[in-house]
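The next block holds one structure in the form of structure tokens; read it before the comments.
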Amino acid sequence: MNATTWGSLVALLSLTTLAAGGVVVVGTIALRWLRQRCAPLAVQSALVAAVSVTSCLGGIAAVSAGMMVTGHDVAVVFATLPVSGVIALAYGWRSARRITADLEALVDLDRDPGSADVDAAVASTGRRAPGTREVAAVAHRLEVAAEQVTAARAREQLLEANRRELVAAVSHDLRTPLTSMRVIAEAFSDDLVRGPQMRSAYLTSLLANIARMSDLVDALFELSQLDAGLVTLRSEPVNLDQIVLDLLVRFEPHADAKGVGLQAGLESQNQVTLGDPQRLQRILSNLVDNAIRHTPAGGSVRVTLDPAEAGSIVRVQDACGGIPEADLPRVFDRLWRGDQSRSSAGAGLGLTIAAAFADLHGGRLTASNRPSGCEFSLELPSPGGSLRLAG
């Protein structure tokens, strides 16, 4: 290659660099200006495509102008370049629009992931995203986030409904003992309580109402801890035989006062489970107290402890007459109190708390009907079982 040829090549390369470089410089300045003003992605993509095509066409035009001898050849080149440029720009614009359409759908989806149009937006994005892996991945993540937000809102609405219902129920349950306590206090204040027998009866009623309010407050506190996941269980071997025996001794005066017999049946001795002694006592106390309250005078409550294939079963049988089969699945629901005859017997939280504590121990609490009443069965794992620690 001689010096003339090298000189011509350098001249052509210089023309191409100047033409293409000039277009790129102008395009860079224009793109910076658009980005500073947060122009839509479609506009910025169109500018990038136009600069790319124009820089190529500018280089070709510069080279053609330097190489062509006749004006006819130059005219032909300059006539065909716009056609090629328009076709290239149309292709670039269409490709950019597909990508920007996917991104715009993601923007609409992300604007309110909990809106009613989430499913439509996700489905629309998914239909347009097969060729864009990144957009499809973002669409999937937003879909998962939308489902989580929807589920969280549903849980929040359910908790709010439960809170309102709980406040109303607790207000009702507090009103009765508070009214009774106020009447007793007014009677003492007005010196209407005379004689040791009357005084003893009024004080007994006062203490009973205080105990009822205390039990309700304790139940609310335990329920709030369970809802917040703040319950921490101790993990240690627990002798179930001793817990059952202690329970019968503690509830015997209450059962005698109501005329209800309290019986025990221990199949074998030294049955052990892994758990929290205080929480296990709370479960069984709720069951026995519930059984005594709903058993009429002359009836009996029987507590049995039997070995099971994977642990132990404590059964509490009463003589309440049974629960309608349609209501059995609801006995552990919060605030459920069954028929009107049961409505004044408590706030409807004891069985809910007992079932939650049983679940945390890796066990299960179930209810069923028997010929003369109900049977609540607490299944607990052996010491080798698992204990769920909340908190």
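The values are calculated or read from the model by the stated rules, or taken from the named source; none is laboratory data. Predicted model only: the values in this text are computed from it and were never measured. Neighbour counts run over all protein chains shown; Cβ positions are idealised from the backbone, glycine included. When the accessible area is computed, the model is the full protein with side chains, heavy atoms only, and any ligands, DNA or RNA have been set aside. Shrake-Rupley method; radii C 1.70, N 1.55, O 1.52, S 1.80 Å.
Laid out as a table, the results:
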item	result
Fully extended contour minus Cα-Cα distance, from R234 to R250, at 0.36 nm per residue	3.5 nm
Prolate/oblate/rounded label for the range 226-288 (Cα gyration tensor, a/c 1.5)	oblate
Two-site label geometry, L158 and V43: point separation in nm, points 7 Å out along Cα→Cβ	4.7 nm
FRET efficiency, A151 to R364 (Cβ-Cβ, R0 30 Å, nearest 0.05)	0.75
In range of the label at S180: residues from the range 208-245 whose backbone nitrogen is under 12 Å from the point 7 Å along Cα→Cβ	208-214
Highest to lowest packing among 367-379, 253-265, 308-320, 26-38, scored as the average C-beta count within 10 Å	308-320, 367-379, 253-265, 26-38
Percent accessible area from carbon and sulfur atoms, the range 198-258, protein chains only, probe 1.4 Å	61 percent
Among beta bridges that DSSP assigns inside the range 194-304, antiparallel share in %, nearest 5	45 percent
Two-site FRET efficiency, W33 against L13, from Cβ-Cβ distance with R₀ of 22 Å, rounded to 0.05	0.15
Theoretical gain in end-to-end length, D306 to V25 [0.36 nm per residue, Cα-Cα removed]	92.4 nm
Amide hydrogen neighbours beyond the local backbone of L262, cut-off 5 Å, H modeled	V301
Zero-based 5 Å bins, Cα pair distances in the range 154-268, whole percents	2, 8, 10, 12, 13, 15, 14, 12, 8, 4, 1, 0
Mean projection area, nm², convex hull over Cα of the range 156-197	3.8 nm²
For Q271, distant residues with modelled amide H under 5 Å away	L240, D241
